[in-house]
Amino acid sequence: SAGAGGASSSNLLDEYEEGTWTLVLEDSSGNDCGLASETGHYTKVGNLVYLIFGVTVNSKSGVGNALQITGIPFDIVDVTNGSGEPSSGFITYANNMVSKDLNGLVMVRANNGSAILELKYTTAGATTGIANNHLNAADIDSDLYMTGHVWYTAP
């Protein structure tokens, strides 16, 4: 049968999937934050992946620099345009961020050719280097709650 755009079969929906995934919040050395709760949901249409998530931290003992999210359900495509970020998203709500250096927006950067979502921000007063700094354990309280979303392309 024809897709919505006419007779071409290229307009047909070739894959649609929904599900859940288990979020891990860790530093770049693989040290996990203790989590009181986490939730992750995804929708995948073709190779386009949309993730939403929420997490409550109950310990950041032993966790250091460059916080990131792992456990995502699909790897991120390896592309080579610019610095390679195929897509990104945002932290949409956060309670108990402690850094005074944050400029209010934390981006979720889909790390090119990996299964890692980096957490990045712009320093207060910065006019260049948008989302150029890693969110670190020192930037959050041990009872951080945050939600967010990200779009990216899977291989």
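At a glance:
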| read-out | value |
| --- | --- |
| Answer residue from the range 90-113, given it is closer than 16 Å to A66 by Cβ and outside any strand (DSSP E or B) and is most open to solvent (accessible area, probe 1.4 Å) among those | D101 |
| Selection within the range 137-148 - of a type outside the set (D, E) and surrounded by 18 or more Cβ atoms within 10 Å (Cβ to Cβ) | A137, I140, L144, M146, G148 |
| All strands (runs of 3 or more DSSP E) inside the range 12-58 with 2 or more residues being in contact with a Phe, Trp or Tyr (Cβ under 9 Å, 6 or more places away or on another chain) | 16-20, 34-45 |
| Out of I116, I130, sole residue that is open to solvent by 40 Å² or more (accessible area, probe 1.4 Å), β-branched (V, I, T), modelled with pLDDT under 90 and out of contact with any Lys or Arg (no Cβ under 8 Å at 6 or more places or on another chain) | I130 |
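Condition check ((1) modelled with pLDDT of 95 or more; (2) hydroxyl-bearing (S, T, Y); (3) crowded, with 16+ Cβ neighbours inside 10 Å) across all residues:
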| residue | (1), (2), (3) |
| --- | --- |
| S29 | yes, yes, no |
| Y42 | yes, yes, yes |
| F74 | yes, no, yes |
| V77 | no, no, yes |
| G84 | no, no, no |
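The values are calculated or read from the model by the stated rules, or taken from the named source; none is laboratory data. All values derive from a computational prediction rather than experimental measurement. Using ideal geometry, Cβ is built from the backbone for each residue, glycine included, and neighbour counts are taken over all protein chains shown. Protein only, heavy atoms only, side chains kept; ligands, DNA and RNA dropped before computing areas. Shrake-Rupley method; radii C 1.70, N 1.55, O 1.52, S 1.80 Å.
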